[in-house]
Amino acid sequence: MVGTGGPVATFSVWDYVVFAGTILGASGIGLFQAIRGRKETSSAEFLLGGRQMTAVPVAMSLTASFMSGITVIGTPTEAYRFGVPFWLFGFSYAIMSVVTAEVFVPLFYRLGITSAYEYLEMRFSRPIRIIGTSMYIAQTALYTGLVIYAPALALNQITGLNLWGVLVATGAVCIVYCALGGLKAVIWTDVIQMVIMLAGFVAVIARGAVLQGGLAKIWEDAGRGGRLEAFDFDPDPLKRHTFWTIVLGGSVMWASIYSINQSQVQRYISCKSLGHAKMSLYVNMVGLWVTVSLAMFTGLTMFSIYKNCDPLTNGDIGTYDQMLPYLVMDILADYPGIPGLFVAAAYSGTLSTVSSSINALVAVTVEDFILPVCKNLSEKQVTWMNMGLSVFFGALCIGMAGVASVLGNVLQAALSIFGMISGPLLGLYLLGMLFRTSNSIGGLVGLILGLVLTLWVGVGSLIFPPTDEKTNPLQVSTVGCNSTLGPNFTTAAPWTSAATPQTHVRPPLADSWYSLSYLYFAVVGTLTTMVTGLLVSTITGGCKQEHRNPDLFVKMNDLICFGCRGQSEESDVAEKAATDFHLKAGDSTFKDFDPMVKDVEEATKL
């Protein structure tokens, strides 16, 4: 009987057929886009889709890139264990979208960059650009390893799919269409994979509603189980999820992902105009709302079904990250092919994120490390280099899956990685974009100190996880199980794993500094970098710097302006030409003496 514990069915032949067909079909669409554009083999076409993408497919790709297999597996489990506070990230998505679209997109689009880290050299120095790129590569490789490993482990133990076989197959599929098709193949494949992910959630919710007697009954069960208490206004920064940690900390964390992360920047600067680039982020915001809402309601459906028989407590699964695959095989096994669709949904998210990461890693490696040194490479050589690097980074990400196996709860681990590394980087960008007096010495010192602090608190919280008092897991029950391994009790926090056991000897910092909400990691890194950078810049003579290229700073006419710039390809090209001239000059005062630059700039004035 559904929801009473015990073994569940495994994949049928039809499930394997649907799973394989869905994944191959989505990948085939990416390859079709690659083949259709074979005559365009330039590096710009490979890395940026020829800067001819439109808002809607880019928006869906932006959503799919970070709404990964981790989201499909982890977010419903979050609702099951902790309730719906995670739904408040809808506020964070809105704040992040406005900040990214109105502050970062106009600046990056105006500069015509390929790598987001080109800005760090323009504004500060080449060593800072190299450090920023290296931080991004390390972060992305580890995160992508987690994206590959976590869904593969969960689905392996529930469906019987071979773990390392799936890991290698995932990497291989991504490598093929990334190496052949570049960004355009990645974006169009993301569009299909996004649809598949949402279809997987809908299938689970619909079947759950039938079994439980309607959506209203699911909502009623969630309320009785304490899962609907979303608004906690406690200002304590040590509590895992409150209104403040999610809206304030979450906004900074998601801004650090969407504003400066190469995987995201590379997408919106591939748009054919600034208007499309901005619109892609606002459409993406709606996509994030829809995705998180479906994921949370899937988790509430899961709780309604297992409210009297928790599968982990009952010994049916090994970790909470296996909850959703277990639910799928429990309630959908009677419908051949539907479990296969769900598994395809989880792996569509994985493929989407992995392919996005590979393409972005290739872009920053070529633009930040290779081309500045090897300036005489032909277009054909660069194209082959792009393909070779796609293979290399695909293999690297598969290798990093082993490292990711020790990080525990997949959703929190993934967001913690971004907070620890992207937080200080966001502070560095804001330091350069908003404060003309900041210099490279201040930026470097601020970045290093911010990174040290975030790694300290992040690694410390991994070794000494916060107690249940701070994480507040909700009660689960086994009173309705057919068979149980023990009495009804509340289990430990789901990120407590064999690799990070709760220890009886906890240092003094374990219940204070190391218990800081993971959502504040990015806030700590951002503020530390900015404050330290400003102080050190002032001490080292930053206030005396007068000549700065104005295009490197945020402008008032960038804000809330869809039609002001970039309405056509011609104006965009002219604007970028003007930028290129005075960037090469190295000093904004040069434009006053160069008639050609002045003519181009006059032609692009609004």
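The values are calculated or read from the model by the stated rules, or taken from the named source; none is laboratory data. Computed from a prediction, not measured in an experiment: that's the story for all the values here. Glycine also receives a Cβ, built like all others from the backbone with ideal geometry; neighbour counts cover every protein chain displayed.
Per this entry, Ser263 is not counted among residues that are modelled with pLDDT under 90, touching a strand residue (DSSP E or B) at 6+ places or on another chain (Cβ under 9 Å) and surrounded by 24 or more Cβ atoms within 10 Å (Cβ to Cβ).
Residue count for segment 215-235 satisfying the condition of being within 14 Å of Arg81 (Cα to Cα) and part of a loop (DSSP other than H, G, I, E, B): 6.
For segment 72-106, taking the residues that are small (Gly, Ala, Ser) and in contact with an Asp or Glu (Cβ under 8 Å, 6 or more places away or on another chain), the one that is farthest from Ser270 (Cα to Cα) is identified as Gly83. Give me the residue from segment 189-200 that is of a type in the set (A, V, I, L, M, F, W, C) and within 19 Å of the chain's Cα centre (by Cα) and, out of that set, modelled with the highest pLDDT. That would be Leu198.
The residues of segment 266-302 that are of a type in the set (S, T, N, Q), in contact with a strand residue (DSSP E or B) (Cβ under 9 Å, 6 or more places away or on another chain) and part of a helix (DSSP H, G or I) amount to a single one, Ser280.
Only one entry of Leu248, Leu238 meets the criterion of being among the aliphatic types (A, V, I, L, M) and in a loop (DSSP other than H, G, I, E, B), and that entry is Leu238.
Scanning segment 302-320 for residues that are touching a Pro at 6+ places or on another chain (Cβ under 8 Å) and buried (at least 24 other Cβ atoms within 10 Å of the Cβ) gives Met302, Tyr320.
Scanning segment 194-214 for residues that are farther than 18 Å from Ala345 by Cβ and free of Cβ contacts under 8 Å to residues at least 60 places away in the same chain turns up Val210, Gly213, Gly214.
Screening Ser256 with (1) assigned to a loop (DSSP other than H, G, I, E, B); (2) more than 22 Å from Asn557 (Cα to Cα) gives one miss only, at (1).
Answer yes or no as to whether Ser390 is part of a helix (DSSP H, G or I) and either at pLDDT below 75 or under 17 Å from the mean Cα position of the chain (by Cα) (or both). So Ser390 fails the test. When only residues in segment 361-384 that are of a type outside the set (Val, Ile, Thr) and within 26 Å of the chain's Cα centre (by Cα) count, which is surrounded by the fewest Cβ atoms within 10 Å (Cβ to Cβ)? Within segment 361-384, the match that is surrounded by the fewest Cβ atoms within 10 Å (Cβ to Cβ) is Phe369.
So which residues in segment 305-344 are outside any helix (DSSP H, G or I) and of a type in the set (Phe, Trp, Tyr)? Of everything in segment 305-344, just one residue is outside any helix (DSSP H, G or I) and of a type in the set (Phe, Trp, Tyr), namely Tyr335.
When each of Glu379, Glu367 is tested for being in contact (Cβ under 8 Å) with a residue 12 or more places away in the chain, of a type outside the set (A, V, I, L, M, F, W, C), more than 25 Å from Thr298 (Cβ to Cβ) and in contact with an Asp or Glu (Cβ under 7 Å, 6 or more places away or on another chain), the lone residue that passes is Glu367. In segment 13-51, the residue that is farthest from Val366 (Cα to Cα) out of those that are modelled with pLDDT under 55 and of a type in the set (Ser, Thr, Tyr) is Thr41. Tell me, please, whether a residue that is among the aliphatic types (A, V, I, L, M), part of a helix (DSSP H, G or I) and either modelled with pLDDT under 75 or on the phi < 0 side of the Ramachandran plot (or both) can be found in segment 2-12. Looking through segment 2-12, none of the residues is among the aliphatic types (A, V, I, L, M), part of a helix (DSSP H, G or I) and either modelled with pLDDT under 75 or on the phi < 0 side of the Ramachandran plot (or both). In segment 319-336, the residues that are over 18 Å from Phe19 (Cα atoms) form Cβ pairs under 7 Å with partners that are of a type in the set (Lys, Arg) and at pLDDT 85 or above, at six or more places apart or across chains, as follows: Tyr320/Arg81.
Looking at Val147, Val103, Val98, just one residue is free of Cβ contacts under 8 Å to residues at least 12 places away in the same chain and aliphatic (A, V, I, L, M), and that residue is Val98.
Restricting the first member to segment 1-27 and to residues that are loosely packed, with under 14 Cβ neighbours inside 10 Å, and the second to residues that are assigned to a helix (DSSP H, G or I) and modelled with pLDDT under 75, the beta-carbon pairs closer than 7 Å and six or more apart or on different chains are Thr10/Thr159. Mind listing just one residue for me: the one in segment 75-114 that is under 17 Å from the mean Cα position of the chain (by Cα) and polar (S, T, N, Q) and, of those, farthest from Tyr306 (Cα to Cα)? So, considering only residues that are under 17 Å from the mean Cα position of the chain (by Cα) and polar (S, T, N, Q), the one farthest from Tyr306 (Cα to Cα) is Thr100.
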